[in-house]
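Only one structure is covered here, and it is reproduced in the block below.
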Amino acid sequence: MNLYHFASPSTFYHLAGKLIPWFAWGAGILTLWGLYIGFFQAPTDFQQSEAYRIIFIHVPAAWMSMFIYLVMAFWGAIGLAFNTRLSFMMARALAPTGAMFTFVALWTGAWWGKPMWGAWWVWDARLTSELILLFLYVGIIALWAAIDDIKRGDRAGSLLTLIGAINVPIIYFSVKWWNTLHQGASVSLTKAPSMAAIMLQGMLVMAFAAWFYTIAVALVRVRRIILERERHTDWAKAILAED
Amino acid sequence: MHRFLLAVLRRDLTLAARRRGDWLIAQFFFVMVASLFPLGVGPEPEMLARIGPGVLWVAATLASLLSLSRLFADDHQDGSLEHMVLSPEPTVLLVLGKALAHWLIYGIPLLAIAPVLGIQFNLPADAILTLEISLLLGTPILSLLGSVGAALTLGLRGGGVLLTLLILPLYVPALIFGAGAVDGVMSGTGAEAHLSLLGAFMVLSLIIAPWIAASALRVSLE
């Protein structure tokens, strides 16, 4: 059993096809389970009442938004270092999902912020750096869209992802210091009250659901990319003829 | 090695000296963007002094982006860029030389204009001095990080707007520390911390950006 065996697009195409149902069903079941815990089992918070339940979507989305960016940077670095085509395809397949989760995290954050803080938007360090993360995703996707040549696009996008990955921690800390300098700590996100075990459980289940969803969607997307790029090969022609 | 760097510098400076129009456009753009803000928010001196550092810094980033899209484009069009990349000299030095030339041509004049705009925005003298130091430390960051964007978007349709989209998020730390330093002087908390961080960010960009821009240039020319 050699892992490099699956680095070839043709073998990975079939492996991905076998894996997708597992992850898709896993994502569905975990989502239902997580939402059940979130809506029916978790008690009402005595300070935040029912509105806190949005964290079961918000926190997993925020985690995934940052994690997917790192995974993209990882695949981009692997692709640049070892010249593996599949790595670039994975990076491209992940980007839209990452941008989607960033948007969801910002949007649900606004819905949570209105009843809790009385404001849709606060220039808090986390909110601001999440917004800048969304800008980075948009920039990378726009760069890919603008470059017609596949090889150039792959490499250019990966370089941009990498320089963004170096910059993300700097942006986070700069925004954090900027924020503490400009306004007093009117809202403290870091001193969250210790969470009931059942709430944490629901959040973790939802986080796994987000993982499974991301993997399933990225695999579906990477299969499309593989077929598009390998359409001149015999095996891809055979598959395309079947459909 | 040094001779190559100096040759690139001298070439770009000579080209800029023979085409003064381009150079002036970016400087006037800086002045105009900054002058539009009082018209938008009102002429109260306290308000202007409050927003002045941020406005001048944002205007400086936009002015540098305006000129960055042409950092490699002209040489790419007449084919000389490919020759320079193919030459045995390291591409990193080519990029570094071009970024330095961009800073000398477009960054340094901003330093000369900024105090005048600072007076327009009712900034006190010590704040203007800090603004100068922060621009001196910060504008090389704009040229260096911008060279990465210019290399990535070389020859693309709509390259100028795309460059802005790619590079502006990366400018955020420079903007925060640069404008923060001036704010620090005005609010009495001091500027040293911000200026130190701005200097550190500049050194980091100086080390990393030319390498990534050189790789990007090779990718774009393939």
Whichever aspartates and glutamates have a C-alpha closer than 18 Å to that of B:LYS98, once near sequence neighbours (fewer than 8 apart) are set aside: B:ASP12, B:ASP22, B:ASP74, B:ASP75, B:ASP78, B:GLU82, B:GLU89
Degrees separating the helix A:55-82 axis from the principal Cα axis of chain A, which is the longest one: 30
Mean Cα-pair separation over length for the stretch B:1-125, i.e. relative contact order, pairs under 8 Å, 6 or more apart, %: 47
Assigned charges on the beta-carbon of Lys, Arg, Asp, Glu; the protein assembly as shown dipole about Cα centre (debye): 680
Distance between the stretch B:194-222 and the stretch B:55-80 - C-alpha centres, whole angstrom: 16
Over the stretch B:2-221, relative contact order from alpha-carbon pairs under 8 Å, at least 6 apart, %: 26
Distance from the stretch B:131-164 to the stretch B:85-100 (C-alpha centre basis), Å: 17
Among B:ALA34, B:LEU142, B:LEU9 the positive-end extreme of the charge dipole of the stretch B:1-142 (Cβ point charges): B:LEU9
Alpha-carbon centroids, the stretch A:97-171 and the stretch A:1-40: separation in whole Å: 25
GNM result for chain B, Cα springs below 10 Å: residue of B:LEU195, B:LEU36, B:LEU111 fluctuating most strongly: B:LEU36
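Please list the three semi-axes, largest first and in whole Å, of the ellipsoid equivalent to chain B, using sqrt of 5 times the eigenvalues of its alpha carbon gyration tensor.
Square roots of five times the eigenvalues give 32, 18, 15 Å.
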Cα-based reach from A:LYS237 at 14 Å (exclusive), listing aspartates and glutamates while leaving out same-chain residues under 8 positions away: A:GLU228
Simple spin-label estimate for A:TRP123 and A:GLN41 in nanometres, 7 Å along Cα-Cβ: 4.2
Highest-fluctuation residue, A:ALA110, A:ALA146, A:ALA24 considered, GNM on chain A with Cα pairs under 10 Å: A:ALA146
Helix axis angle, A:125-146 relative to chain A longest principal axis, alpha carbon, degrees: 20
Anisotropy class of the stretch B:129-175 from Cα gyration tensor, a/c 1.5 cut: prolate
Acute angle (nearest 10 degrees) that the helix B:125-152 long axis makes with the longest principal axis of chain B, alpha-carbon atoms: 30
Highest to lowest packing among B:83-91, B:213-221, scored as the average C-beta count within 10 Å: B:213-221, B:83-91
Positive-pole candidate from A:PHE6, B:THR130, A:ALA156, dipole of the protein assembly as shown, charges at beta carbon: A:PHE6
Farthest positive-ward along the stretch B:2-221 dipole, Cα basis, beta-carbon charges - from B:LEU175, B:TYR106, B:LEU96: B:LEU96
Whichever lysines have a C-alpha closer than 23 Å to that of A:LYS176, once near sequence neighbours (fewer than 8 apart) are set aside: A:LYS114, A:LYS191
Only Lys, Arg (+1) and Asp, Glu (-1) charged, at Cβ; chain A dipole about Cα centre in debye: 240
P(r) weight above 28 Å for chain A, C-alpha pairs, percent: 42
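Only the coordinates and a few stated rules stand behind these numbers; no lab work does. Quick caveat: nothing in here was measured; it's all calculated off a predicted structure. Because the Cβ atoms are built from the backbone with ideal geometry, glycine has one as well, and the counts that use them run over all protein chains shown.
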